[in-house]
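Student: Pasting in a structure now, in structure tokens, and then I'll have a few things to ask.
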Amino acid sequence: MIGVLPQHADGVRILSGLREDRLAAAIWFKLEAQTGIVDAIALANSDLWKSDVQELIAEASLWLTSRGAVRIELKAIPDDRGLLAGLRDMHFKTDERTGTMHRFIPARSAA
């Protein structure tokens with residue numbers, strides 16, 4: 001588990017991923033103003049869990065940005081170096097001060 005499960009909060013969504021008909025990973029996220037927040041990530045034991053998590057974060061980010069998020073915030077910094085590197089490849093930055101990661105979404109041109 002990465003992060004902390006939210007307590008019965010309004011607007012929290014859960015996105016889960018299956019691999020061979022088994023739960024591989026799930027994330028809890030919500031939209032607050034223009035910030036998409038990923039509160040927690042649950043992982044199944046699998047050699048492929050890092051890619052499962054990255055895919056779920058990408059899907060949650062698409063959902064959040066389609067509803068106006070300009071920033072995505074992960075409420076915890078993963079201890080796993082491979083997952084951390086993957087998130088950095090997805091343009092997430094680490095904020096050691098707050099113990100979070102975030103990514104700004106580039107503005108889209110109306111042209």
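Student: Just to check your reading of the model, which residue among Leu5, Leu15 is within 14 Å of the chain's Cα centre (by Cα), not in a loop (DSSP other than H, G, I, E, B) and not polar (S, T, N, Q)?
Tutor: Working: Leu5 fails: not in a loop (DSSP other than H, G, I, E, B).
It is Leu15.
Conditions (1) part of a helix (DSSP H, G or I); (2) at pLDDT 90 or above; (3) on the phi < 0 side of the Ramachandran plot; (4) exposed (fewer than 14 other Cβ atoms within 10 Å of the Cβ), marked per residue:
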residue	(1), (2), (3), (4)
Phe29	no, yes, yes, no
Asp39	no, yes, yes, no
Ser51	yes, no, yes, no
Gln54	yes, no, yes, no
Ala58	yes, yes, yes, yes
Ser61	yes, yes, yes, no
Ile72	no, yes, yes, no
Pro78	no, no, yes, no
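Student: With the requirement that a residue be closer than 11 Å to Ile37 by Cα and of a type in the set (A, V, I, L, M, F, W, C), what does segment 71-111 give you? Let's see the steps before the verdict.
Tutor: Step one: filter segment 71-111 for residues closer than 11 Å to Ile37 by Cα, giving 71-76, 100-103.
Once the filter is applied, which keeps residues that are closer than 11 Å to Ile37 by Cα and of a type in the set (A, V, I, L, M, F, W, C), segment 71-111 yields Ile72, Leu74, Ala76, Met101.
Student: In a helix (DSSP H, G or I), closer than 19 Å to Pro106 by Cα, at pLDDT below 95 and not β-branched (Val, Ile, Thr): which single residue out of Leu87, Leu83 fits that description?
Tutor: Working: Leu83 fails: closer than 19 Å to Pro106 by Cα.
Exactly one residue qualifies, and that residue is Leu87.
Student: Name the residues in segment 66-79 that are touching a strand residue (DSSP E or B) at 6+ places or on another chain (Cβ under 7 Å) and either under 24 Å from Gly99 (Cβ atoms) or free of Cβ contacts under 8 Å to residues at least 24 places away in the same chain (or both), would you?
Tutor: Ala69, Val70, Arg71, Ile72, Glu73, Leu74, Lys75, Ala76, Ile77, Pro78
Student: Test Ala9 against the criterion of being surrounded by 13 or more Cβ atoms within 10 Å (Cβ to Cβ) and among the small types (Gly, Ala, Ser), and give yes or no. Full working, then the answer.
Tutor: Working: surrounded by 13 or more Cβ atoms within 10 Å (Cβ to Cβ): no; among the small types (Gly, Ala, Ser): yes.
No, not satisfied.
Student: Residues of segment 18-27 being assigned to a strand (DSSP E or B) and farther than 14 Å from Met90 by Cβ, which ones? Explain how you work it out, then say what you get.
Tutor: Here is the first cut: in segment 18-27, the ones assigned to a strand (DSSP E or B) are 18-19, 22-27.
Hits for segment 18-27 are Leu18, Arg19, Arg22, Leu23, Ala24, Ala25, Ala26.
The values are calculated or read from the model by the stated rules, or taken from the named source; none is laboratory data. The structure presented is a predicted model; accordingly, all values stated were derived computationally and were not measured. All Cβ positions, glycine included, derive from the backbone under ideal geometry; neighbour counts span all protein chains shown.
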